[in-house]
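In what follows, a structure is listed as structure tokens, so that the remarks can point back to it.
Bear in mind that the values in this text are calculations on the coordinates, not laboratory data. Model, not experiment: these values are computed from the prediction. Glycine also receives a Cβ, built like all others from the backbone with ideal geometry; neighbour counts cover every protein chain displayed.
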Ligand SMILES: C[S@@+](CC[C@H](N)C(=O)[O-])C[C@H]1O[C@@H](n2cnc3c(N)ncnc32)[C@H](O)[C@@H]1O
């Protein structure tokens with residue numbers, strides 16, 4: 001029981017300003033009666049990790065098909081180029097890579113295409129089974145979200161794509177990931193919303209407006225026409241889930257008041273002996289009804305996502 005408390009508050013100590021505000025509201029301790037009948041206080045760190053595993057359990061096989069925001073040609077081309085730049089930044093001389101929070105192996109594929117030997121790590125045994133089947137890659141199951149099973153100072157490249165917002169204490173995780181790099185190894189973190197997404201500037205607001213206007217003109221556009229949305233069962237399913245606070249994929253830091261803060265990520269990595277090689281903001285092509293012409297027009301002017309390349313000194 002003490003251990004449970006210690007984990008709850010230990011996890012808090014690494015949190016920085018952006019997540020601190022929400023710590024007590026989100027991290028409400030809740031009691032769970034164990035099979036033995038004793039009362040064990042579960043931290044929400046435990047339940048966040050379990051929510052991720054459960055959330056994806058039924059969706060692992062459909063993951064690629066249900067994420068057009070990741071598996072579309074524009075995003076894949078951008079990602080391939082970004083991974084290429086990350087690989088170019090490696091000075092440790094080896095080719096050992098870790099795909100952290102690997103999912104179905106999106107990054108694994110890009111890193112392998114560039115000649116790296118990739119180990120896949122995830123909390124979800126279901127995803128690990130998929131990458132083992134697809135890539136015959138060695139896997140590490142991150143039991144309870146712990147990185148203890150990942151060797152220190154072992155990797156030339158660690159890729160973390162669309163994962164930070166799932167980690168209960170993403171700030172502390174960044175520091176831990178740096179310790180898994182060799183000196184000269186690179187930490188590549190990508191696909192998290194940037195500050196503009198949360199507080200849109202004029203360009204992003206205009207982009208969103210044009211995108212919406214284009215979509216509204218089409219006869220059938222349930223994303224934006226309320227009466228059409230009301231005809232769809234998924235509308236009522238989504239409302240029910242919101243009402244019951246069911247977060248399907250175990251996202252944690254995806255709210256205006258609690259989101260991944262890039263400045264903090266960079267600061268923590270630098271404090272853990274990294275140098276910043278590149279920081280990129282980009283406008284994600286989200287597919288699924290996106291008007292390509294509008295996206296192209298605003299691609300170089302507006303941004304809603306970010307990525308960084310950091311190197312351990
Ligand atoms: C949005 S998916 C991204 C998957 C993959 N990186 C990609 O590019 O498609 C988030 C991934 O993070 C994993 N994840 C969730 N919580 C985690 C944790 N505490 N530690 C490591 N991975 C975690 C999930 O199981 C899932 O595979």
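Among the residues that make up segment 142-150, is at least one of them within 9 Å of the ligand (Cβ to nearest atom), part of a helix (DSSP H, G or I) and under 18 Å from residue 60 (Cβ atoms)? Within segment 142-150, one or more residues are within 9 Å of the ligand (Cβ to nearest atom), part of a helix (DSSP H, G or I) and under 18 Å from residue 60 (Cβ atoms).
Filtering segment 112-141 to residues that are assigned to a loop (DSSP other than H, G, I, E, B), within 14 Å of the ligand (Cβ to nearest atom) and out of contact with any helix residue (DSSP H, G or I) (no Cβ under 8 Å at 6 or more places or on another chain) leaves nothing. Need pairs with beta-carbon distance below 7 Å; first residue closer than 18 Å to residue 86 by Cα and within segment 150-167, second near the ligand (Cβ under 8 Å from one of its atoms) and assigned to a helix (DSSP H, G or I); sequence gap 6+ or separate chains. As it stands, the answer is 159/107; 161/106; 161/107, since those pairs meet every condition given. In summary, residue 107 fulfils each of the numbered conditions (1) within 13 Å of the ligand (Cβ to nearest atom); (2) farther than 19 Å from residue 141 by Cα; (3) touching a strand residue (DSSP E or B) at 6+ places or on another chain (Cβ under 8 Å); (4) assigned to a helix (DSSP H, G or I) with the single exception of condition (2). Quick check on my filter: what residues within segment 272-301 are touching a strand residue (DSSP E or B) at 6+ places or on another chain (Cβ under 9 Å) and crowded, with 19+ Cβ neighbours inside 10 Å? Once the filter is applied, which keeps residues that are touching a strand residue (DSSP E or B) at 6+ places or on another chain (Cβ under 9 Å) and crowded, with 19+ Cβ neighbours inside 10 Å, segment 272-301 yields 274, 282, 283, 284.
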